[in-house]
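First the structure, in the form of structure tokens, and then the observations on it.
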Amino acid sequence: MSKITVISKQPPGGRCTLYMRFAEVIGQRAGLDTQIKYCGDEAQERHLPPAMLIGETLIAPSDGVIITPEDLIAGLTGRCSGDALQELHQALHLVQERMMEEWASA
């Protein structure tokens, strides 16, 4: 079984927090184990925070800045059924919308 890993700063900032929330939803709905890895010495890290991996595959943000629900669904294709992916996509969009509202009110 695959797992989803979030590589985060400590304390987590905005994108790290968003990615943690994405991972929680994916874990609950897709049955993937989740792991949060807090980075210490960034010079020794393979992937710099914020980052997400599904299995060993780094999820690259399509806009070069922030991972979106679409990026995650692309990374999960083949690991979940089409119906599960559609439901997961909707759930991830809700997470993203709530986070954007939090950022706007901060």
Problem - Any chance LEU76 is touching a Leu at 6+ places or on another chain (Cβ under 7 Å), within 22 Å of ILE36 (Cβ to Cβ) and open to solvent by less than 30 Å² (accessible area, probe 1.4 Å) - result: yes
Problem - Near pairs, Cβ below 7 angstrom, 6+ apart or cross-chain, from the stretch 45-62 (within 16 Å of ARG21 (Cβ to Cβ) and of a type outside the set (S, T, N, Q)) to any residue that is in a strand (DSSP E or B) and open to solvent by 30 Å² or more (accessible area, probe 1.4 Å) - result: ALA51/LEU58
Problem - the stretch 62-98, residues that are at pLDDT below 95, of a type in the set (Gly, Ala, Ser) and under 17 Å from VAL6 (Cβ atoms) - result: GLY75
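Take the conditions free of Cβ contacts under 8 Å to residues at least 60 places away in the same chain, of a type in the set (A, V, I, L, M), part of a helix (DSSP H, G or I) and open to solvent by 30 Å² or more (accessible area, probe 1.4 Å) and apply them to ALA23. Does it pass?
No, not satisfied.
For the stretch 83-93, name all the residues that are over 10 Å from ARG21 (Cβ atoms) and within 15 Å of the chain's Cα centre (by Cα).
From the stretch 83-93, those over 10 Å from ARG21 (Cβ atoms) are 83-91, 93; that's our starting set.
Passing the criteria: LEU85, LEU88, HIS89, GLN90, ALA91, HIS93.
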Problem - Odd one out for ILE59, checked against (1) open to solvent by less than 40 Å² (accessible area, probe 1.4 Å); (2) more than 23 Å from GLU102 (Cα to Cα); (3) modelled with pLDDT under 95 - result: (3)
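Would you confirm, using the coordinates I've provided, whether GLN28 is assigned to a helix (DSSP H, G or I) and free of Cβ contacts under 8 Å to residues at least 40 places away in the same chain? Don't jump to the end; show me each part of the working.
Values: assigned to a helix (DSSP H, G or I): yes; free of Cβ contacts under 8 Å to residues at least 40 places away in the same chain: yes.
When the stated conditions are applied, GLN28 passes them.
Kindly establish whether GLY27 is under 13 Å from the mean Cα position of the chain (by Cα) and under 23 Å from GLN90 (Cβ atoms). Outline the logic, then answer.
Values: under 13 Å from the mean Cα position of the chain (by Cα): yes; under 23 Å from GLN90 (Cβ atoms): yes.
When the stated conditions are applied, GLY27 passes them.
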Exercise for the section: Please name all residue pairs, on different chains or six or more residues apart, with Cβ atoms under 7 Å, provided the first residue is in the stretch 86-106 and is on the phi < 0 side of the Ramachandran plot and without any contact (Cβ under 8 Å) to a residue 40 or more places away in the chain and the second residue is open to solvent by less than 50 Å² (accessible area, probe 1.4 Å) and in a helix (DSSP H, G or I). Expected result: HIS89/PRO69; HIS89/ILE73; HIS93/PRO69
Handout entry: ASP33 vs. criteria open to solvent by 60 Å² or more (accessible area, probe 1.4 Å) and touching a Gly at 6+ places or on another chain (Cβ under 9 Å)
Key = yes
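The values are calculated or read from the model by the stated rules, or taken from the named source; none is laboratory data. As the structure is a computational prediction, the values presented were derived from the model and not from experiment. Don't worry about glycine lacking a Cβ; one is built from the backbone with ideal geometry, like all the others, and counts go over all protein chains shown. Surface areas here come from the heavy atoms of the whole protein model, side chains and all, with no ligands, DNA or RNA. Shrake-Rupley method; radii C 1.70, N 1.55, O 1.52, S 1.80 Å.
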